[in-house]
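Structure first, commentary second.
The values are calculated or read from the model by the stated rules, or taken from the named source; none is laboratory data. Worth saying up front: this structure is predicted, and the values here are computed from it rather than measured. No Cβ is skipped: glycine too gets one built from the backbone with ideal geometry, and neighbour counts run over all protein chains shown.
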Amino acid sequence: MTILPLGKRTRRWIAALGLAACGVSAAPAEPAADAVAVHVLNRLGYGPAPGELDHVRQIGVDRYIEEQLHPERMPLPASLQRQLDALGSTRLSQRDLIEQYRHAAQAARNDGEQGRAERRALDQRIALESGQARLLRAIRSPRQLQEVMVEFWFNHFNVYRGKGLDRVLIENYEREAIRPYAMGRFRDLLGATAHHPAMLFYLDNWLSSAPGYQATRAGGPLAKANGLNENYARELMELHTLGVDGGYTQRDVTELARILTGWTFDPRARRVDAASASAFAFDARRHDPGDKAWLGQHVAARAAAEGEWALDVLAAHPATAHHLAYELAQAFVDDAPPPALVDRLARRFLDTDGSIAAVLKTLFDSAEFRDPGARGAKFKTPYQYVVSSVRAADLPVANVRPLLATLTQLGMPLYGCQTPDGYHNTEQAWLNPDAMTRRIHFATALASGRLPLARPMDDADVGAAADTAMSPDADNGAAARLPAAWASAPVDVDAMLALLGPTLSARTRAAVAHAEPSLRAALVLGSPDFMHH
Amino acid sequence: MLRRHVLQSAAAFGAGWLPVGPRAWAAVGATARAAQRRLVVVFLRGAVDGLSVVVPYSEPAYYRARSSIALGRPGADGGVLDLDGRFGLHPALASLLPAWQSGRLAFVHASGSPDTTRSHFDAQDYMESATPGRKATPDGWLNRLLGVLPPPPGGRAGPTRAVSVGPVLPRICAGRQPVANIASGSGATKPTALDRPRVADAFDALYAGDDKMAQAYRASQQAHREMIDTLRGDAPDPDMQAANNGASLPSGFADDAARLARLMRNDARVQLAFMAVGGWDTHANQGAASGALAGRLQPLGQGLAALATGLGPVFDETTVIVMSEFGRTVHQNGNGGTDHGHGNAMWLLGGRVAGGQVHGRWPGLDASALYEGRDLAITTDFRQVLAEVCERHLDLRDAQLAEVFPDAGAIVAQRLGVLRA
């Protein structure tokens, strides 16, 4: 069997045919302009939502892009802010979180089943609240580009929720190390991740010490930390900055690890320093006091300043500029990004001292981004698919648990990428047979209003309710058992067609027109067109 | 031995290298026979510490390099399980010892990729494309292998001839041939909305084309139906229950391995399978007889044992290859862990494996023998092992081997004898 991919050109042709020949619903007044607006909403954000498409129509694409590049000027809706304010763990400091984790771990060791239950409750509360904070913003925040960039950088500087202490630190990491810098200077972002205990713990640098260092502290988690660990130093160059082909050697990895010895955090959160929210610590005793030779340069010993200097060098390196430019062009334009665009973005990065917003503006202004061939050329990741579905369906969300469960089933659990390369955003990573079935299953449940998204979040049984709602018999008996207030009304297919019109092919429109009314919205969300953006 | 010589001597006898004996396939043509053989590849992502799996306990240098994480000699408390007087098996893999003793488990030590990268992601990519050093290769070797397999008895191959377990399709399966993937865990056999005929009819119309997504949609529907037919209501295999002492299976991998075994045993259409297990990147506190690495190895061993038991008679015609992107440093690091290294051990399980042996040339752990002064050297290219299995187990010919392993050149002409003649 050979695979004949449906090319961009063919898709465009079919789309044009669909608009001309098929009158399933009212075609938008200005299909060409709407196609551009939908493209921008698809790439700068998580797809069209009813109010937002109107907003772009009103102010025009260029002004919309300008707005998105300045999220600080846009307030969050009061109702979203209230939902976010209700998430207590999203205000805790690094020290509080480390302290709570230690307390729960101790209880789990000493207090038997009750202690273990306490620890599970902490894990679950933080997992749910961090998921709720991330997804509610992605679905409802008008600062869509900021949300896209938070996700982008989180994957770039990935940390895995499943590793020990990072269970509790993951949301703080995103809040303090990623979000504030997502459109700022790359050096600030790099520095924030390098100092955050979630990263230091995940890639083991918190243990890394000068070769031959003898730990003096009796007991404690750092007692066995008697030498070098090159895990973070390697990924810092390979994934975070230079890229795997950035021209460094194994020697450079080891030397950078020596430079970063002593970059750790206080695992007992003992040194109470009310003025500092950070648990980062530079432990001079663990730092390798010798000179180093790194990336062809002699590095004279000067304690923590060596590491800061190394981050300066990495952030300003042309290989870093190229690596980041490639990743951005791949995320925003095409799985195989045009080399000329990558070069332009890399130059812009170097010319602006690593200003992320400046690089993004160049990207959004580029002919490659605006080319009609770029529209719908990317296959959505599970995250993009789930978030954009809820936005297009215009459903109120009080509770993201059914969405978190869906992301796990689709192979993209939130904060659950175990390896430091983060989730990829290419078709090759996500298009597979099982994904088709599961996306359609989700689309069918969502479109019929069966997901208990409106159920209050503190209801402990909501997970079970989500399972029931996702079962294939749900539209017979089980749906009736869901209290009406928890389910949603079935999605209005005409509103959705008005929103997504320019992106739907003739085949999709025909299939929707011929289907029984209760399945029409599911077909739109489960269509090949909606799985692209 | 060079394969050319085998070919010549085989031609001289005019019979190919058919096994002669009670299980000989004398009456079956080579093509039909190969079509009944199975291959399972298990990839350990994150670089498992091969020196803790197949432990060179007879080398003093091993103990010098690993003051707190070395495993004891056979007979010591928490010591290794002796394999051949030179090497010992990690005690957490005791569930695999019977396979070794019955000649169905072998290792190829000091094997790996000739590419020097210590990046997990590049190294995995190269092992899955089987073109080390070349990133532009669009497909994975398992997909290319699927493309050159002789047609199954009865004609056209369906989309479940190759199956990957998990929610995404890995690089090794990427390419022109359709490969089905099945969910990990119990989700594999749960009904979905598409099991309702009216929903299926509506989406069938939407995905009636011949593009990539329509093909994925149809492959998914067919694989799902086969899974349901084969596994739904299927009581857990009594052999498996016995193998696990009646206890529930210990981990996701063992559970998935048991399910895959049932599928392959009951459905002859499934010929190639892939699974991946993560969590081997033990930079800190990896432990020895117990600890983090032992805690990962134990369910892996139990899962592989469950796979062998669950395949039942099909195990005789199955080869399981366990591989990882590279090994880890010979010396432990400052945190009781190991960093990224070079050479590793490949594992081979199955009824046709020349088992009970550690294959390959062992370069030793003396300082002068180490790769870049720190890592186990590589004396066997991983493609040599794969090619040998493809040739001897699945009856691939020279031209087909060249398609599956395009850059390997003379490497695939060399033979270690990892399968029984």
**Complete:** Exactly one of B:145, B:96, B:105, B:83 is out of contact with any Phe, Trp or Tyr (no Cβ under 9 Å at 6 or more places or on another chain) and under 22 Å from residue B:319 (Cα atoms), and that residue is B:145
**Message:** Given the criteria β-branched (Val, Ile, Thr), crowded, with 24+ Cβ neighbours inside 10 Å and under 14 Å from residue A:432 (Cβ atoms), does residue B:168 qualify?
**Reply:** no
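Test residue B:124 against the criterion of being more than 9 Å from every other protein chain (Cβ to nearest Cβ) and buried (at least 20 other Cβ atoms within 10 Å of the Cβ), and give yes or no.
It is true that residue B:124 is more than 9 Å from every other protein chain (Cβ to nearest Cβ) and buried (at least 20 other Cβ atoms within 10 Å of the Cβ).
Return the total of residues in region B:215-229 being of a type in the set (A, V, I, L, M, F, W, C) and more than 8 Å from chain A (Cβ to nearest Cβ).
Taking region B:215-229 as the starting set, the residues that turn out to be of a type in the set (A, V, I, L, M, F, W, C) are B:216, B:219, B:223, B:227-228.
From what is left, the residues that are more than 8 Å from chain A (Cβ to nearest Cβ) are B:227-228.
So the answer is 2.
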**Prompt:** Of all residues in region B:375-395, which are modelled with pLDDT under 95 and more than 25 Å from residue B:356 (Cβ to Cβ)?
**Reply:** none
**Message:** For region B:88-195, give me every one of the helices (runs of 4 or more DSSP H) that falls completely inside it and has 3 or more residues that are more than 25 Å from residue B:327 (Cα to Cα), among the aliphatic types (A, V, I, L, M) and in contact (Cβ under 8 Å) with a residue 40 or more places away in the chain.
**Reply:** B:141-148
**Complete:** Scanning region A:329-344 residue by residue, those more than 16 Å from residue A:148 (Cβ to Cβ) and part of a helix (DSSP H, G or I) turn out to be A:339, A:340, A:341, A:342, A:343, A:344
**Asked** Can you name the residue in region A:436-451 that is assigned to a helix (DSSP H, G or I) and among the polar types (S, T, N, Q) and is also nearest to residue A:412 (Cα to Cα) among such residues?
**Response** A:437
**Fill in**
Among residues of region B:299-351 being crowded, with 22+ Cβ neighbours inside 10 Å and charged (D, E, K, R), the residue nearest to the other protein chains (Cβ to nearest Cβ) is B:339
**Request:** May I ask you to list the residues in region A:386-435 that are of a type in the set (D, E, K, R) and in a helix (DSSP H, G or I)?
**Result:** A:391, A:401, A:427, A:434
**Item:** Subset of region A:62-80 (residues that are surrounded by 13 or more Cβ atoms within 10 Å (Cβ to Cβ) and part of a helix (DSSP H, G or I))
**Value:** A:64, A:65, A:66, A:67, A:68, A:71, A:80
**Fill in**
Reported set for region B:363-398 where residues are surrounded by fewer than 17 Cβ atoms within 10 Å (Cβ to Cβ) and within 26 Å of residue B:350 (Cα to Cα) is B:379, B:397, B:398
**Request:** Select from region B:194-214 the residues that are of a type in the set (A, V, I, L, M, F, W, C), facing chain A (nearest Cβ under 7 Å) and out of contact with any Ser or Thr (no Cβ under 8 Å at 6 or more places or on another chain) and list them in ascending order.
**Result:** B:202, B:203, B:205, B:213
**Request:** Output the residues belonging to region A:25-54 that are modelled with pLDDT under 95 and either of a type outside the set (A, V, I, L, M, F, W, C) or not assigned by TED's automatic domain parsing to the domain that holds residue A:384 (or both).
**Result:** A:25, A:28, A:30, A:31, A:34, A:50, A:51, A:52, A:54
**Asked** Is one or more of the residues making up region A:130-141 touching a helix residue (DSSP H, G or I) at 6+ places or on another chain (Cβ under 6 Å) and of a type in the set (D, E, K, R)?
**Response** yes
